[in-house]
There are 2 protein chains.
Amino acid sequence: MLTVALPKGELLKNSIRLLQSVGLDFSAFLDSGNRQLQILDASGQAKGLLVRAQDVPVYVEYGQAQLGIVGYDVLREKQPQVAHLVDLQFGYCRMSVAVKASSPYKSPLDFSPHCRIASKYVNCAREYFQSLDLPVEIVPLSGSVELGPITGMSEAIVDLVSTGRTLRENGLIELETLYHSTARLIGHPLSYRINTGNLCELSAKLREVALVGV
Amino acid sequence: MLTVALPKGELLKNSIRLLQSVGLDFSAFLDSGNRQLQILDASGQAKGLLVRAQDVPVYVEYGQAQLGIVGYDVLREKQPQVAHLVDLQFGYCRMSVAVKASSPYKSPLDFSPHCRIASKYVNCAREYFQSLDLPVEIVPLSGSVELGPITGMSEAIVDLVSTGRTLRENGLIELETLYHSTARLIGHPLSYRINTGNLCELSAKLREVALVGV
């Protein structure tokens with residue numbers, strides 16, 4: 001039986017809607033009273049695992065789930081050994097460099113070489129500033145990254161921006177976009193290659209649905 | 001002015017109570033309507049920063065906060081360059097190895113060398129199994145670690161246990177304790193050495209209060 005790893009949070013609702021369109025019903029995960037992290041789809045064809053977004057690629061990499069849905073941002077940051085199958089065309093957001101609106105910076109190229117950048121995405125941030133040949137110091141934070149510039153610990157942040165509301169509320173502005181992100185269907189490479197549980201057909205169906213829009 | 005980094009979550013209430021006992025009032029952080037992550041204590045002597053537990057040592061290491069309160073588990077996992085000042089004697093919990101109650105294992109020494117261990121505390125887990133000379137594979141998860149053994153992805157977990165309720169609810173039992181953890185007062189090494197804002201006196205007062213019990 002196929003197992004699909006689904007991400008808690010922002011992408012869950014659309015992920016469930018998408019899977020429903022190909023006959024897999026995991027809507028029980030949306031019940032407010034649900035405490036189960038593992039359920040069978042209503043037709044008994046597949047199992048759903050509800051895990052943190054960052055853990056989706058882990059379950060897929062280890063083959064515990066053959067399919068998973070997760071944001072491109074997580075894949076780009078963690079570089080897991082999974083097959084990128086489909087751009088699902090929802091969950092649009094961008095990875096951006098932001099600074100205090102009151103700062104003199106007009107571009108990341110204005111940053112001094114000893115500048116500090118706070119981020120949850122340390123690999124993405126490092127890669128970006130290396131590409132600029134700017135040897136900044138990356139400060140790893142796990143939440144409320146906007147406190148970096150507010151407290152003065154860092155000159156800038158690299159963070160995921162969706163509506164931009166959090167930035168605005170904290171007096172920050174975007175200087176540059178590193179990349180755009182959407183939800184992705186990922187697969188366990190070996191399972192995909194040997195087509196476990198008709199994985200390839202399911203993936204093709206999901207690609208079609210994603211193109212039309214969920 | 002001194003800045004104190006306080007951890008969101010479990011340890012917040014007792015941390016605030018402790019600081020109140022030495023005249024620093026950050027109880028505004030406990031108001032359900034509070035959205036501020038940075039406040040002045042009522043007497044205007046110090047600033048409080050409300051951040052994720054894992055980020056407390058980051059703010060202290062970079063000297064953005066001179067003092068912080070955080071669980072020993074975080075310090076042990078991240079090994080930040082901070083001064084360990086006081087064992088605050090609250091927030092008792094333990095780092096344990098747990099397996100399915102139905103498994104045949106009686107001790108971690110029974111694990112096979114290719115065993116998988118899921119954990120949020122990958123460094124603690126790695127260090128422990130290295131001390132046993134058992135070359136297990138550590139699977140890094142960021143939440144719901146108990147799903148590791150339940151789904152069969154891992155034979156065991158290394159996780160923080162407080163009451164043991166989560167383990168029981170998931171049919172897991174503890175095999176061994178790696179170490180015990182409590183809340184700790186940490187300081188920025190240089191600030192402590194030069195006694196910024198009478199840091200040493202405050203730390204000594206907190207040590208006295210902690211000994212008596214908050």
Hey, what do the phi angles of region B:98-110 turn into as Karplus ³J(HN,Hα) couplings, whole Hz, using 6.51/-1.76/1.60 and θ = phi - 60°, x for Gly and Pro?
10, 9, 4, 4, 7, 7, x, 5, 10, 7, x, 5, 7
Treating the point 7 Å from Cα along Cα-beta-carbon as the label, what are the nm separations from B:G9 to the other copies, to one decimal?
1.5
Which lysines have a Cα less than 21 Å from the Cα of A:K8, not counting those fewer than 8 places away in the same chain?
A:K47, A:K78, A:K120, B:K8, B:K120
Using amide H atoms built in the peptide plane, which far-off residues or other-chain residues are under 5 Å from A:L24 H to H?
none
Kirkwood Rh and Cα Rg combined as Rg over Rh, evaluated for chain A
1.04
For B:P113, place a label point 7 Å from Cα along the Cα-to-Cβ direction in every copy; what are the distances to the other copies, in nm, shortest first?
4.8
Would you mind listing the distances between the A:P189 label point and the same position in each other copy? Use 7 Å along Cα-to-C-beta, nm, one decimal, shortest first.
4.1
Anchor A:K13: aspartates and glutamates whose Cα lies under 14 Å away (excluding residues fewer than 8 positions away in-chain):
A:D25, A:D31
Label zone at B:D87, where the point sits 7 Å out along the Cα-to-Cβ direction: region B:159-200 residues whose backbone N lies under 20 Å
B:160-163, B:177-187
Normalised by the number of residues in region B:1-125, what is the relative contact order in percent for Cα pairs under 8 Å and 6+ residues apart?
26 percent
Cα convex hull volume per residue for the protein assembly as shown (Å³)
166 Å³
Mean separation of Cα contacts under 8 Å (6+ apart) over length of region A:61-214, as relative contact order %
42 percent
Karplus 3J(HN,Hα) series, Hz, for region B:111-120 with 6.51 cos²θ - 1.76 cosθ + 1.60 (x for Gly, Pro)
4, 7, x, 9, 5, 10, 10, 8, 6, 7
Over the protein assembly as shown, the sum of -39500 (n - 2.57) across DSSP H runs of at least four, divided by residue number and rounded to 500 deg cm²/dmol, gives at 222 nm -7500 deg cm²/dmol
Residue by residue, what Karplus-based ³J(HN,Hα) values in Hz, rounded to whole numbers, does region B:56-70 have, using 6.51, -1.76 and 1.60 with θ = phi - 60° and x for Gly and Pro?
3, x, 5, 4, 6, 4, 7, x, 6, 10, 8, 10, x, 10, 7
Yeah, region B:9-71 with a ≥ b ≥ c from its alpha-carbon gyration tensor (a/c under 1.5 is rounded, else prolate when a/b outruns b/c, oblate otherwise) is rounded
Just subtract the alpha-carbon distance of B:N14 and B:T177 from 0.36 nm times their residue separation and send over the number in nm, one decimal.
56.2 nm
Expected response for nearest chain A Cβ to the A-B rotation axis, distance in whole Å, is A:S142, 5
Highest GNM mean-square fluctuation, chain B, Cα pairs closer than 10 Å: which of B:G164, B:G71, B:G152?
B:G152
Taking chain B as a Gaussian network, where each spring joins two C-alpha atoms under 10 Å apart, which residue of B:T177, B:T196, B:T151 fluctuates the most?
B:T151
How big is region A:93-180 along each principal axis, measuring the range of its Cα positions in Å and listing the largest first?
31, 25, 24
Between A:T166 and A:I194, what is 0.36 nm times their sequence separation minus the Cα-Cα distance? Round to one decimal in nm.
5.7 nm
So for region A:93-180, averaging the separation of alpha carbon pairs under 8 Å that are six or more residues apart and normalising by length, what relative contact order in percent results?
50 percent
Using a Gaussian network for chain A with springs between C-alpha atoms less than 10 Å apart, which of these wobbles most: A:V74, A:V51, A:V60?
A:V51
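A short reminder: the numbers here are calculations on the coordinates, not readings from a lab. Because the structure is a prediction, the values reported are computed rather than measured. Cβ sites come from the backbone with ideal geometry, for glycine too, and all protein chains shown count toward neighbours.
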